[in-house]
Every structure is written in structure tokens, then in C-alpha cells.
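Since the structure comes first, as C-alpha cells, the remarks are kept for the end.
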Amino acid sequence: MVRIAGETLHVHFLGTAGSLPSPQRNPPCILIRRGSDTLLFDCGEGAQQQMMRAKTGFTIDAIFVTHWHADHFLGIFGIVETLGFMERTAPLPIYGPPWVVEFVDLIQRINRHTRGFAVTAHPLDHGSVVPFNGYTVRAFATIHGIPGLGYVLEEDERPGRFNRDHAIALGVPPGPLFGRLQRGETVRIVRDGVETEVRPGDVLGEPRPGRKVVYTGDTRPIQNQPGVAALIRGADLLIHDATFDDQESSRAREVLHATAGEAGEAAAALNARMLALVHISSRYASTANHIRDAKRQYEGDVILPADLTVLEIPFRS
């Protein structure tokens, strides 16, 4: 049976700073809400307050950590305590590269009261897939000097367009049978006194792609790394490290981050539909150069979201 994908897909930029926060930007935290599911990608210091300001609530289904630099995980300790005070009972899975088991063990050891839910550790490697209802999260390797992962949230394929006129011509009466065909069910009808079957393939066009969001975390450009480009190509939204503008390209190479221009090159090479620049160093009072540098390399839409910016990702057709 084919699942109809009609859920909303919102990306909340809760934290867009680099390693150090600034008065305008919190440490890294991306919240993605797909239908009723809420996933956190990184959880920097102060994430709880950002969630309150964004009015997202605290119904978190999973946390994905890109790497074990403190600006990407310090907020998890507070989130776990808040969820305990809210009397959560469902387990909280935390996914990440090597050391996630030790990190979750640390959470357990610093706890001084009984918590009503389990925090569980789930180590991931390049290519690991975490299935959800109607979509997956896939991990890919990044380049940042320590084991690190980026993540691809990708929806399942959607059914092709329903050909109403052809369905009627085949003898399917408008009404509930239309919905069953669109959900992937074969239906039986009586036509000219003869019972016959109409299959979804008789009335649906070619399957259409679901939506795709890619978050790199901290990294050098990776579009030319073996086995990576195929996983992250064609994103509706590419959220890419752009710690520096292009004037600091030597520094970016030294500390294994990317410049805005390099993020633009990646977006162009990967055929992304939109590029979001994040992890902005606190040295910058203005980010005009970041936008300029990215647009020199990439003709698509470029944004440098402020904290608490929210994007709704539409279907392609």
C-alpha cells in the first residue's frame, strides 16, 4: 500500500551561531517538525529558551548530534531535566557518531533524582538509516577533525497524480473508491455486469519524490567525498556550515570549517533548491559578505537565517 504524504514540514533555526554564542545568535540547534514528529539536530546551550521563544513545545521524538564539540550538545542536559519535570514517560533516543554511548552514560550518572523516562544511545556511521513513519533520517560522514556526521531527512516517494477522468472511464464511480486507489489499494467494480479490478497503476502517474532536507553540521565541503554526494544531492534545503566569509578561507581550512563561498559551491554541485548558511562566527557584525560570496557560486535561493527563523518546505509539485 502506498502512503499518501501530505504532512507539513517546518524547519526552525533555533541556533545559528558558530562555536561562541553572540547577543543575536545561540549555539547550533535545528528543529525539524514533520507532521506530528519533532526532531532536534544538535542541541546547543540555551536550546530550551529558544524553543520557548519559538513556541515549539517540548514534544521531542529524537535528538541527532553531528559531533562531540560542546557547542553542539551542551543543551541536551537541560532538555532532559525539563522533560523530566514535565513527567515524560516515552524514551528519548539520542543518535550520533562514536561516543554517544558514553555521552548518554554521562547523562545518567549526573542525574540526582528519579527520571520517569529512559534516555537511549544509538551510535551511527556513514550510511546508517533511522526509519520513521513516512520518512527516514540517513547519516553521512563529514570532515571536521573528529568523527562527525551530517544528516539527511528524506520523505518516502509520493503517489503519482490521480487521473480522475481515466478512473471514471474505467468505470470507477467518484467517491470513496477514488481515495482507496490513491492510497494504493486495488478496487473491484462491476462494469457492464462483469466484476473487474482497477489497480492504482491504472489511474496514477509516476511516483513523485518526497521532500529532502540536508544538514551538514560543522565540516569542510564534502560534495566530492566518495559515497557522500549521492546521499545529499537534490535537497529541497541544504543547511551548510558557513562559519567564515571567503576572506577567511585560510582560517576555514585550518580549523576544518567552510566559507560561505564554499557552501555556495556545494549547493551548486549538489543541485540544491535552497541554501541556508549557518554556524556563523561571532567575529562578524554583518553577514552581507557571506550572502555575496555564496551567491557568486550558486544561482538558487540563499538565506542566512536569524535565530527563530522558520521555513515551511513545500512539495515540488
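Things to note:
- Here Val203, Val190 are screened, and the one residue that is at pLDDT below 95, crowded, with 22+ Cβ neighbours inside 10 Å and in contact with a strand residue (DSSP E or B) (Cβ under 8 Å, 6 or more places away or on another chain) is Val203.
- Meets criteria (of a type in the set (Lys, Arg), farther than 20 Å from Leu237 by Cα and in contact with a strand residue (DSSP E or B) (Cβ under 7 Å, 6 or more places away or on another chain)) for Arg180: yes
A quick yes/no check of all residues on (1) of a type in the set (D, E, K, R); (2) part of a loop (DSSP other than H, G, I, E, B); (3) surrounded by 16 or more Cβ atoms within 10 Å (Cβ to Cβ):
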{"residue": "Ala276", "(1), (2), (3)": "no, no, yes"}
{"residue": "Ile291", "(1), (2), (3)": "no, no, yes"}
{"residue": "Glu299", "(1), (2), (3)": "yes, yes, no"}
{"residue": "Val310", "(1), (2), (3)": "no, no, no"}
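- With respect to the conditions (1) within 30 Å of Leu170 (Cα to Cα); (2) assigned to a strand (DSSP E or B), Val214 falls short on a single one, namely (1).
- Being surrounded by 17 or more Cβ atoms within 10 Å (Cβ to Cβ), modelled with pLDDT of 85 or more and of a type in the set (Lys, Arg) holds for only one residue in Arg138, Arg109, and it is Arg138.
- Checking Ile146 against (1) assigned to a loop (DSSP other than H, G, I, E, B); (2) modelled with pLDDT of 85 or more; (3) touching a Leu at 6+ places or on another chain (Cβ under 6 Å), the condition it does not meet: (3)
- All positions within segment 261-274 that are assigned to a helix (DSSP H, G or I) and either free of Cβ contacts under 8 Å to residues at least 40 places away in the same chain or touching a Gly at 6+ places or on another chain (Cβ under 8 Å) (or both): Gly261, Gly264, Ala267, Ala268
- When segment 149-167 is limited to residues that are in contact with a helix residue (DSSP H, G or I) (Cβ under 9 Å, 6 or more places away or on another chain) and more than 30 Å from Ser36 (Cβ to Cβ), the one that is modelled with the lowest pLDDT turns out to be Ala167.
- One residue from Val203, Val213 being aliphatic (A, V, I, L, M), in contact (Cβ under 8 Å) with a residue 40 or more places away in the chain and in contact with a His (Cβ under 9 Å, 6 or more places away or on another chain): Val203
- Verdict on Gly127 being modelled with pLDDT of 85 or more, part of a loop (DSSP other than H, G, I, E, B), in contact with a strand residue (DSSP E or B) (Cβ under 9 Å, 6 or more places away or on another chain) and closer than 28 Å to Thr216 by Cα: yes
- When residues in segment 27-63 are screened for being outside any strand (DSSP E or B), in contact (Cβ under 8 Å) with a residue 40 or more places away in the chain, surrounded by fewer than 24 Cβ atoms within 10 Å (Cβ to Cβ) and of a type outside the set (D, E, K, R), 4 of them pass.
- Scanning segment 118-135 for residues being over 15 Å from Gly96 (Cα atoms) and in contact with an Asp or Glu (Cβ under 9 Å, 6 or more places away or on another chain) gives a total of 4.
- Complete set of residues in segment 172-183 that are part of a loop (DSSP other than H, G, I, E, B) and surrounded by 14 or more Cβ atoms within 10 Å (Cβ to Cβ): Val172
- Here the condition is being farther than 30 Å from Val214 by Cα, of a type in the set (Gly, Ala, Ser) and not in a loop (DSSP other than H, G, I, E, B); of Ala139, Ala121, Ala167, it holds for Ala167 alone.
- Lone qualifier among Arg273, Arg251 - being of a type outside the set (Ser, Thr, Tyr) and over 21 Å from the mean Cα position of the chain (by Cα): Arg251
The values are calculated or read from the model by the stated rules, or taken from the named source; none is laboratory data. Small disclaimer: the values here were computed from a predicted structure and weren't measured. Here the Cβ is made from the backbone with ideal geometry for all residues, glycine too, and neighbour counts use every protein chain on show.
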